[in-house]
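J.: Below: one structure in structure tokens.
Since every read-out is calculated from the coordinates, none of them should be taken as a lab result. None of these values were measured; they are calculated from a predicted model.
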Amino acid sequence: MKKYKIDKENCLGCGGCTIICPEGIVLGEDGKAQITNQEELERAGGESVCPYGAIVLDEKLSSD
């Protein structure tokens, strides 16, 4: 399964990802995206959910 992480430097906190994938991402107290459900995020499109490139594949945690 693919695992994703948020690149906090690229996250603008726009909330677009939470509209596309409300079951998989929320905005945290810091105003940045936080992944809450990896499977839902993958179903929604993974990295393509963020137009700013803040959702990235975590190669270390991903498995086939």
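J.: Given H placed on each backbone N at 1.01 Å, which residues far from D58 in sequence or on other chains put an amide H within less than 5 Å of it?
T.: The list, which skips near neighbours in sequence, is K3, Y4, K5.
J.: Which value in deg cm²/dmol, rounded to the nearest 500, describes the helix-derived mean residue ellipticity at 222 nm for the chain, given -39,500 (n - 2.57) per DSSP H run of n ≥ 4 and division by the residue count?
T.: Values: 2 runs with 12 residues, N = 64.
Roughly -4000 deg cm²/dmol at 222 nm, from the helical runs in the chain.
J.: So what is log10(I(q)/I(0)) for the chain at q = 0.18, 0.25, 0.27 1/Å, when the Debye sum runs over its Cα atoms only?
T.: Rounded to two decimals, the profile gives -0.53, -1.03, -1.20.
J.: Lysine pairs in the chain with Cα distance under 14 Å, only those 8 or more apart or on different chains: how many are there?
T.: 5
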